[in-house]
Amino acid sequence: MNVTVDCDVSPGAVARWWATALAAKLDGDWGTAARVNLPADGAPRLLFIQVPEPKHGKNRVHLDLLADDRDTEVERLTGLGATVVARHDEAGESWTVMQDPYGNEFCVN
């Protein structure tokens, strides 16, 4: 299975960022598409494809990254160029909403 991310900038650049962020392997960069293989057996691949239109509004689907230490992971991802959008603590759950350097939202739990 692939999880596909539409990119209005270089799919290769976005894929390289995610490969670094997830300690994963860039599996191909074909100019208009790029793919990242996640290290876990059976994990979906991330496919980044070029689209002509920019993103408008919030992503309808996003990745939730599970971390042993959320604050440390948020700091690490910020060091890679991600930004914090919001912090939430609701119903006994805490998570941080972030954006990669290309505007794609994701959460760190």
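The values are calculated or read from the model by the stated rules, or taken from the named source; none is laboratory data. Since this is a predicted model, take the numbers as computed values, not measurements. With ideal geometry, Cβ positions are generated from the backbone for all residues, glycine too; neighbour counts draw on all protein chains shown.
What to note about this one:
- When the test is whether a residue is of a type in the set (A, V, I, L, M, F, W, C), modelled with pLDDT of 95 or more and in contact with a Cys (Cβ under 9 Å, 6 or more places away or on another chain), Val97 passes it.
Quick grid of which residues meet (1) surrounded by 13 or more Cβ atoms within 10 Å (Cβ to Cβ); (2) out of contact with any helix residue (DSSP H, G or I) (no Cβ under 7 Å at 6 or more places or on another chain); (3) among the hydrophobic types (A, V, I, L, M, F, W, C):
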site	(1), (2), (3)
Gly12	yes, yes, no
Ala21	yes, no, yes
Ala34	yes, no, yes
Ala43	yes, yes, yes
Gly57	no, yes, no
Val61	no, yes, yes
His88	no, yes, no
Asp100	yes, no, no
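- Of residues in the stretch 70-89 being among the charged types (D, E, K, R) and assigned to a strand (DSSP E or B), the one modelled with the lowest pLDDT: Asp89
- Strands (runs of 3 or more DSSP E) within the stretch 1-57 that include 2 or more residues outside the structural domain of Glu73 (by TED's automatic domain parsing) and touching a residue at least 40 places away in the same chain (Cβ under 8 Å): 2-7, 45-50
- Residue list for the stretch 58-69, filter: under 21 Å from Arg16 (Cα atoms) and assigned to a loop (DSSP other than H, G, I, E, B): Asn59, Val61, His62, Leu66, Ala67
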